[in-house]
Amino acid sequence: GLSETSPTVSCNPVTATEYNGTIGLPVSSTEISIRDDDGNEVPLGERGEVCIRGPQVMRGYHNRPDATAEVLTDGWLRTGDVGALDDDGYLSIVDRTKDMLIYKGYNVYPRELEEVLFQHPSVANAAVVGKRDIAVGELPIAFVVLSDGTDPDEIRDWVNGRVTPYKKLREIRVVDEIPVSAAGKVLRRELRAVVEGES
């Protein structure tokens, strides 16, 4: 859930063991819709923005009509989360729309690349951001904390061998730590500031 939904949207049944990785089914009287950039519902299994409608959804932000209009449309709350619904109605969160990169018109989700990076035994921590490129839009750049002296190019090639061509990492930068908030969320804006400062 999120603050705008007071705060629950979905949960996994206690007995559900086969849906690891999902955040469950909608709670009572709640609807979840996955929408494309034009606000159209996408087919089951496809990714899009998670939209919520139900009695727990806020009426709006206090004294902020413009912010309210950005996220509420016909009673649906646009969450800013990228997700998908499976055939049984279980919701998975893939990423945040603000974090998504666009490479040659293709959507690239940093979290997906990070999950591949975390599978490499030499990667202790990682975060992916986009670097602006006039020819293609954004290039995926990874910041990684290594647990040993593995060559970063070797890790890049290992990841790129496991993803489709448009998702390939263009660069890996080794850092001592990944910046995080007090709540433990990666501060991507700080990493973006690093790559944008070089443009």
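The values are calculated or read from the model by the stated rules, or taken from the named source; none is laboratory data. Everything numeric in this text was worked out from a predicted model, so none of it was measured. Here Cβ is always computed from backbone atoms with ideal geometry, including for glycine, and neighbour counts include all displayed protein chains. Ligands, DNA and RNA are excluded from the accessible area calculation, which covers all protein heavy atoms including side chains. Shrake-Rupley method; radii C 1.70, N 1.55, O 1.52, S 1.80 Å.
From (1) in a helix (DSSP H, G or I); (2) farther than 15 Å from Pro110 by Cα; (3) open to solvent by 70 Å² or more (accessible area, probe 1.4 Å), pick out the condition that doesn't hold for Ala193.
Condition (3) is where Ala193 drops out.
For the condition of a type outside the set (A, V, I, L, M, F, W, C), closer than 20 Å to Gly75 by Cα, at pLDDT 95 or above and part of a loop (DSSP other than H, G, I, E, B), what is the one hit in Ser33, Ser29? Talk me through it step by step, then tell me what you get.
On the way: Ser33 fails: part of a loop (DSSP other than H, G, I, E, B).
The unique qualifying residue is Ser29.
Say whether the condition of being in contact with a Pro (Cβ under 6 Å, 6 or more places away or on another chain), charged (D, E, K, R) and assigned to a helix (DSSP H, G or I) is met by at least one residue in the stretch 141-163.
Pass one, the stretch 141-163, residues in contact with a Pro (Cβ under 6 Å, 6 or more places away or on another chain): none.
Within the stretch 141-163, not a single residue is in contact with a Pro (Cβ under 6 Å, 6 or more places away or on another chain), charged (D, E, K, R) and assigned to a helix (DSSP H, G or I).
Where the second residue is assigned to a helix (DSSP H, G or I) and open to solvent by 70 Å² or more (accessible area, probe 1.4 Å) and the first is closer than 20 Å to Thr97 by Cα and of a type in the set (Lys, Arg) and lies in the stretch 59-79, which pairs have Cβ atoms under 9 Å and are six or more apart or on separate chains?
Taking only residues 6 or more apart or on different chains, the pairs are Arg78/Glu70.
How about the stretch 77-108: which of its residues are open to solvent by 30 Å² or more (accessible area, probe 1.4 Å) and farther than 28 Å from Val129 by Cα?
Selection gives Asp87, Asp88.
Within the stretch 157-197, which residues are of a type in the set (Val, Ile, Thr), touching a residue at least 24 places away in the same chain (Cβ under 8 Å) and under 17 Å from Ala124 (Cα atoms)?
Val159, Ile172, Val174, Val175, Ile178, Val186
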